[in-house]
Amino acid sequence: RMARIREAIAQGSLTNVVYRDGDEIRKTGKTAGDINAKSMSVYGDMSGKVRLHVLLESAGCPWGKCHFCVHHHLEPEYLRRKVEKIVEEIRVMREQGIGLFRFAGSDTPPEFGSAIARGILDSGMRVEYAMGSRAVRGAKHPEVFSDLVDKYSLMIQSGLRAVFMGGETGHDVINEQVMNKGLGKEDLLWTIRALRDAEQRAGTHVDISLAMIYPTPLVNAITDADVMAANLELIGASRPDSVMVCPPGPFKNSEWFHQKAKFGFEFDEGVIGQAMEYEYVLYKPLELWSNLDYRLGGKGFKDILRACGKMRQAVEDLGVPTDLSDEHFLMMRACGYEGAEGARAFKQETLADIVSCDYRRLNQLADLANAHSMTLAGRHGTASGRAPMPVHIAGDHAMPSNAPILCLESAAIHGMAE
């Protein structure tokens with residue numbers, strides 16, 4: 001068998017394989033597969049499963065140059081699936097009773113998203129979906145802005161309900177020199193404004209989850225306070241529905257990893273294995289966490305998490321919920337939670353179930369989401385057979401009277417290994 005493997009490798013006919021050769025771990029070369037040859041899922045018995053299908057519409061990233069990211073290592077190029085393949089997969093999933101979708105790609109650019117939207121609308125299918133999307137460079141220019149509003153309006157009409165957008169920071173110098181994001185604050189702000197104009201035109205709200213990294217590596221005598229002020233200014237001006245505040249992680253093979261000294265990181269490669277085996281519990285007091293052996297700008301692991309928590313609290317003080325992503329919004333809206341108060345109630349109720357290990361409420365929410373998904377697909381009922389419990393959100397009465405309200409410190413960490 002090894003002789004055949006070696007022969008195939010020598011001929012270049014074996015790629016994308018990791019294998020053991022005696023005591024050695026070896027890798028063949030990498031090639032991009034045919035994204036249009038992807039098989040479709042057949043779920044069978046769906047009892048106990050949430051009826052939300054993750055749909056691969058693209059792979060890789062059209063930018064692929066962010067210093068903190070490894071997408072360009074995972075996929076050698078940005079690959080788009082044919083619209084007819086995407087629409088056909090949606091049709092097959094709907095036949096299985098699924099009407100909720102999350103696009104798997106890191107970025108669905110507006111021109112591609114609007115082409116998918118036209119395919120969905122032309123098919124006559126009713127669905128709801130969420131996606132990730134980069135801001136658009138030059139979105140402030142009137143012709144670009146007008147085009148964006150048109151494309152986002154079409155996507156909303158086809159079922160777009162939530163968008164995850166990487167903002168990273170509101171400080172342009174940090175975004176340029178530290179993140180290499182290829183975008184600035186105005187690009188983020190005007191892209192979000194285009195989405196807001198589109199939702200007004202379509203008459204349907206779209207939830208926007210803005211992801212930010214804090215604290216960041218620093219340059220040019222810029223301070224953490226400067227970055228936080230710029231972040232809060234962007235958030236205050238754009239008013240996303242949630243902000244995902246994440247600490248910095250030097251992912252393996254990212255530029256932050258390879259040029260750690262340049263960006264102010266201190267760690268040895270042993271921290272990668274340490275991070276992969278790290279056992280953490282969200283909302284456990286920070287003092288009870290074990291330490292990870294990496295530093296940024298002289299700040300240790302727990303100091304980094306404290307700074308991240310400070311940023312998160314500042315966002316909450318602006319009245320913007322935190323740590324809710326696009327798929328959270330897709331699910332909670334399917335369950336009947338409305339507005340910012342509904343988002344906070346959803347977060348509190350689900351957190352209460354998670355930390356108490358009492359999943360009755362989560363099971364009820366899964367049934368509600370399943371009923372909505374099946375209705376979109378032209379079916380009725382729930383996967384479990386339990387009768388879904390309706391949700392009515394009204395300000396301070398969002399939570400059941402017997403549900404615990406948790407006021408605990410959050411300290412989440414991005415894994416540092418890919």
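The values are calculated or read from the model by the stated rules, or taken from the named source; none is laboratory data. Computed from a predicted model, the values in this text were never measured in an experiment. Note that each Cβ is placed from the backbone with ideal geometry, even for glycine, and that neighbours are counted across all protein chains shown. Only protein heavy atoms, including side chains, enter the accessible area calculation; ligands, DNA and RNA are left aside. Shrake-Rupley method; radii C 1.70, N 1.55, O 1.52, S 1.80 Å.
TYR337 sits among other residues whose Cβ lies under 10 Å from its own Cβ, and their net charge, with Lys and Arg +1 and Asp and Glu -1, is 0. Sorting 289-297, 270-278, 211-219 by average packing, meaning the other beta carbons within 10 Å per residue, from highest down gives 211-219, 289-297, 270-278.
Scattering from segment 322-370 was approximated by placing one identical point on each alpha carbon and applying the Debye formula without solvent; log10 I(q)/I(0) at 0.18, 0.21, 0.29, 0.31 1/Å stands at -0.50, -0.69, -1.21, -1.29.
For segment 92-146, how big is Rg over Rh, using alpha carbon atoms and the Kirkwood form of Rh?
Reported Rg/Rh (Cα atoms, Kirkwood Rh): 1.06.
Listed values for segment 166-181 are Karplus-derived 3J(HN,Hα) couplings in whole Hz (6.51 cos²θ - 1.76 cosθ + 1.60, θ = phi - 60°), namely x, x, 6, 7, x, 9, 4, 5, 5, 4, 7, 8, 9, 8, 6, 6, and x replaces Gly and Pro. Amide H contacts for GLU338 (H built 1.01 Å from N in the peptide plane; partners 5 or more residues away or on another chain; cut-off under 5 Å): ILE393.
Shape of segment 114-168 from its Cα gyration tensor (a ≥ b ≥ c, root eigenvalues): rounded if a/c is under 1.5, otherwise prolate when a/b > b/c, or oblate?
Judged from the Cα gyration tensor, segment 114-168 comes out oblate (a/c at least 1.5, b/c at or above a/b).
On a per residue basis, segment 32-114 carries 45 Å² of accessible surface, using protein heavy atoms and a 1.4 Å probe.
Under 5 Å between amide hydrogens, built in the peptide plane, is the criterion, and for THR322 it picks out VAL243 among residues at least 5 positions away or on other chains.
Which percent of the accessible area of the chain is formed by carbon and sulfur heavy atoms (probe 1.4 angstrom)?
Its accessible area is 51 percent carbon and sulfur atoms.
Ellipsoid fit via the Cα gyration tensor, the chain: semi-axes of 32, 30, 25 Å, each the root of five times an eigenvalue, largest first.
Taking each full run of DSSP H in the chain as one helix, which ones are at least 20 Å long along their axis (Cα atoms) and have mean Kyte-Doolittle hydropathy of at least -1.0? Those that pass (Cα extent of 20 Å or more, hydropathy at least -1.0) are 142-158, 185-202, 224-238, 301-317, 339-356, 360-376.
Over segment 1-153, Cα pairs under 8 Å with separation of 6+ residues give a relative contact order of 19 percent.
In this structure, the amide hydrogen of ASP207, modeled 1.01 Å from its nitrogen in the peptide plane, lies closer than 5 angstrom to those of ALA162, VAL163, counting only residues at least 5 positions away or on a different chain.
In segment 1-49, the alpha-carbon atoms span a convex hull of 163 Å³ per residue. The residues neighbouring VAL136, those whose beta-carbon lies less than 15 Å from its own, together hold a net charge of 0 under the Lys/Arg +1, Asp/Glu -1 convention. Only alpha carbons enter this Debye calculation for segment 137-274, each as an equal point scatterer, and the log10 of I(q)/I(0) it gives at q = 0.10, 0.11, 0.14, 0.21 Å⁻¹ is -0.40, -0.48, -0.71, -1.20. Cα centroid separation, segment 213-249 to segment 1-63: 37 Å. When the chain is described by a simple charge dipole with +1 on each Lys and Arg Cβ and -1 on each Asp and Glu Cβ, the residue from ASN231, GLY22, MET244 located farthest towards its positive end is GLY22. A 1.4 Å probe run over the protein chains yields, for segment 143-302, 40 Å² of accessible area per residue, whole-number rounding. Each residue of segment 285-298 is assigned a 3J(HN,Hα), and the resulting list reads x, 4, 5, 8, 7, 7, 8, 9, 8, 8, 9, 9, x, x Hz, derived from the Karplus form 6.51 cos²θ - 1.76 cosθ + 1.60 (θ = phi - 60°), x at Gly and Pro.
Using the Cβ of ARG239 as centre and a radius below 13 Å, the other residues enclosed give a net charge of -2, where K and R count +1 and D and E count -1.
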